[in-house]
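The values are calculated or read from the model by the stated rules, or taken from the named source; none is laboratory data. The model shown is predicted, which means the values in this text are computed figures rather than measured ones. All Cβ positions, even for glycine, are placed from backbone atoms using ideal geometry, and neighbour counts span all protein chains on display. Only protein heavy atoms, including side chains, enter the accessible area calculation; ligands, DNA and RNA are left aside. Shrake-Rupley method; radii C 1.70, N 1.55, O 1.52, S 1.80 Å.
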Amino acid sequence: PPPPPNLPVPASPDVANGEPPAPAPPHARSCRVEMAVPEWATKEPCLMGIDEAGRGPVLGPMVYGCMYCARSYNNTLATLKFADSKTLKEEQREELFESLKVNNSIGWEVDVICPKDLSAKMLKKSKVNLNEISHNSAMGLVRKALDMGVLLEEVYIDTVGDPEKYRVKLSEKFPGIKFVVAKKADSLYPVVSGASIVAKVTRDRALRNWVFDETALNMHMKTGSGYPGDPDTKQWLEDHKHPVFGFPTLVRFSWGTCTPFFKDAVEVTWDSDEIDEDVANNGSAKRQVKLSSLGFTGFKRKTEEIESSGKGRRKFFQARKLELVRKFQ
């Protein structure tokens, strides 16, 4: 399927500078896209703004965007009419994004986190909450810019959680950079306003050009706003649920909004290949794991464990003499 117009799409999580990306839809999986680093960015002290789009919706990716420029360009940046993307019409955001892309005094990056990855992180055994995912994405943008040679001295970020705790966390991670973390930073600092536009336009294009991996009939993109309280979004979820397979990959199935839609869902249970830590040395226990429509419900209690001989492997693996290898020599 064709990628969104005017947006390069990487074939791998990070695109090497100057290498042409392979065609792949940006929503298919999480990815990072950046422009080639301008020469001035490796010679002059720079400042960066970071903001996100799509943190709250139950549908689509969450996108973190950043914009950077030479510190000497900051006064000029304030005249370019960047503003918090939420205060602008879609046509205005698109026009501003196109203008910053051809501005030789501006650099930018985006980190696209697909719905599947968001839910997987939030539901895995060692859960990663949305704030931590957000922090990691922002820090990844800073790290990538530094690795590409950008001389970052100041970074302005729209806060997630407590601003001071977030600032301290960032400063400990990158001690050579001054961080300013503030609520509504996208309306206070032009460099963050620009980052807001980068993130919002990238997410809008991803949704506008979404191609379903699923092949069910009558699927459509009349999703409403995508926010949990929107009646159109709720109706879309109702129309696109499946009692066994759950929702299409457009949906962040870890969101609490999804839970009521699966009261009558089919429960799936299977034998786990994972060996519990407290019996790993004995190699004799296999557990039964239950899968709900929204993710793992966890291991059953020991009294409900299914005992089996050998290493607790399924017959498929036993018959083929295949073993679980955790370390390679």
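Results, tabulated for the structure shown:
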read-out	value
VAL168 open to solvent by 10 Å² or more (accessible area, probe 1.4 Å), aliphatic (A, V, I, L, M) and over 27 Å from PRO38 (Cβ atoms)	yes
All positions within the range 191-226 that are touching a helix residue (DSSP H, G or I) at 6+ places or on another chain (Cβ under 9 Å), touching a residue at least 60 places away in the same chain (Cβ under 8 Å) and open to solvent by 50 Å² or more (accessible area, probe 1.4 Å)	LYS200, SER225
Number of the condition not met by GLU132 [criteria: (1) under 25 Å from CYS46 (Cα atoms); (2) modelled with pLDDT of 95 or more; (3) surrounded by fewer than 17 Cβ atoms within 10 Å (Cβ to Cβ)]	(1)
Residue that is nearest to GLU34 (Cα to Cα), among those in the range 89-126 that are touching a Phe, Trp or Tyr at 6+ places or on another chain (Cβ under 7 Å) and at pLDDT below 95	LEU100
Qualifying residue in the range 88-99 (condition: in contact with a strand residue (DSSP E or B) (Cβ under 6 Å, 6 or more places away or on another chain) and of a type in the set (Phe, Trp, Tyr))	no
Hits in the range 306-325 (condition: assigned to a loop (DSSP other than H, G, I, E, B), at pLDDT below 70 and not small (Gly, Ala, Ser))	LYS311, ARG313, ARG314
Failed condition for ILE106, given (1) touching a residue at least 60 places away in the same chain (Cβ under 8 Å); (2) among the β-branched types (Val, Ile, Thr); (3) open to solvent by 40 Å² or more (accessible area, probe 1.4 Å)	(3)
In the range 260-276, the residues that are of a type in the set (A, V, I, L, M) and at pLDDT below 85	VAL268, ILE275
Pair list, Cβ under 6 Å, 6 or more apart: the range 57-74 residue over 20 Å from VAL160 (Cα atoms) and touching a residue at least 60 places away in the same chain (Cβ under 8 Å), other residue open to solvent by 10 Å² or more (accessible area, probe 1.4 Å) and among the small types (Gly, Ala, Ser)	CYS69/SER105
Condition check for LYS121: in contact with a strand residue (DSSP E or B) (Cβ under 9 Å, 6 or more places away or on another chain), assigned to a helix (DSSP H, G or I), open to solvent by 40 Å² or more (accessible area, probe 1.4 Å) and closer than 28 Å to TRP40 by Cα	no
Evaluation of TYR64 against (1) in a strand (DSSP E or B); (2) exposed (fewer than 14 other Cβ atoms within 10 Å of the Cβ); (3) not polar (S, T, N, Q) (one fails), failing number	(2)
Helices (runs of 4 or more DSSP H) (entirely within the range 158-221) containing at least 2 residues that are of a type outside the set (A, V, I, L, M, F, W, C) and touching a His at 6+ places or on another chain (Cβ under 8 Å)	163-173
Some residue of the range 137-144 being farther than 24 Å from TYR189 by Cβ and either among the acidic types (Asp, Glu) or surrounded by 17 or more Cβ atoms within 10 Å (Cβ to Cβ) (or both)	no
Hits in the range 137-190 (condition: of a type in the set (A, V, I, L, M), within 22 Å of LYS121 (Cα to Cα) and either out of contact with any strand residue (DSSP E or B) (no Cβ under 6 Å at 6 or more places or on another chain) or in contact (Cβ under 8 Å) with a residue 40 or more places away in the chain (or both))	ALA138, MET139, LEU141, VAL142, VAL160
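Per-residue answers, yes or no, for (1) exposed (fewer than 13 other Cβ atoms within 10 Å of the Cβ); (2) modelled with pLDDT of 75 or more:
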| position | (1), (2) |
| --- | --- |
| PRO228 | no, yes |
| PRO243 | yes, yes |
| PRO248 | no, yes |
| THR257 | no, yes |
| VAL279 | no, no |
| THR303 | yes, no |
| LYS327 | yes, yes |
